[in-house]
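The values are calculated or read from the model by the stated rules, or taken from the named source; none is laboratory data. Given the structure is predicted, the values throughout are model-derived calculations rather than measurements. Here the Cβ is made from the backbone with ideal geometry for all residues, glycine too, and neighbour counts use every protein chain on show.
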Amino acid sequence: MKSLPSLYYRFPLLYELAFKFPPQGLWRWKSYNALLHHIQHPASRIQNHGIEIGCGAGVLSRTLVKTFPNLSLTAVDLSPEMIQFAKRVNGHSRIQFLQGDFLKLKEGPIREGTYDLFVSAYAWVYFPLQESVLKLSALLRPSGKFFILNVGKTPFTQIHSMFLSKIHRMPIYLHHPATFQKALQRAGFDVQWHLIDTFEGSYLISGQKGNF
């Protein structure tokens, strides 16, 4: 996966400014609250060791560790500028921020097969489906759970993805939730998904290996 050359990710203050105003700010917290609600469900009780992919400025990272007092989180992003900003603005004793490529994580502080919880918000548009599902499976423990916020194809997201692909100079993948679900099921996961916002095309897909 290529590095992100966009100014959007090289200047975190500009990135975060976009979420201070509607509609993006409203969409972000609508999605984050849906994610937190499903993680907190009694059937989805988490343990101690989590990983977040595409953490950006660390807003969700900090929200997760403040919501779940037993959670230790490794938060990963491809952008070194985002990681430095996240450490400075959203740092926490139970968050380890790391710069790295999701599809190549297997050495150093990252250990495959060790995570109880996997979270990602709006990062899956940068990942080819089959390769990313296999990597997700490799990182989780056999009983680990995942919660992924993603977007599918809508008139808005198709226009937005064309814009993003040009400024990032890389492909943007809009995975339909049913297609995503089938890929995860083929990898041995029990899966469910929930639509969050029709216009934005956002949905939450979650599951685990075994009964969910």
Of the residues in segment 125-148 that are part of a helix (DSSP H, G or I) and touching a residue at least 60 places away in the same chain (Cβ under 8 Å), the one that is surrounded by the fewest Cβ atoms within 10 Å (Cβ to Cβ) is SER137
Reported set for segment 56-112 where residues are assigned to a strand (DSSP E or B) and not hydroxyl-bearing (Ser, Thr, Tyr) is LEU73, ALA75, VAL76, ASP77, ILE95, GLN96, PHE97, LEU98, GLN99
When every residue in segment 79-94 that is under 23 Å from SER132 (Cα atoms) and touching a strand residue (DSSP E or B) at 6+ places or on another chain (Cβ under 7 Å) is compared, the one surrounded by the most Cβ atoms within 10 Å (Cβ to Cβ) is ILE83
Those residues of segment 184-203 which are modelled with pLDDT of 90 or more and surrounded by fewer than 18 Cβ atoms within 10 Å (Cβ to Cβ) amount to GLN185, ARG186, ALA187, GLY188, ASP190, GLN192, HIS194, LEU195, ASP197, THR198
Quiz item: Looking at SER72, is it of a type in the set (Ser, Thr, Tyr) and more than 23 Å from PRO142 (Cβ to Cβ)?
Solution: no
Of the candidates ASN48, ASN33, the one satisfying the condition of being among the polar types (S, T, N, Q) and either surrounded by 17 or more Cβ atoms within 10 Å (Cβ to Cβ) or at pLDDT below 90 (or both) is ASN48
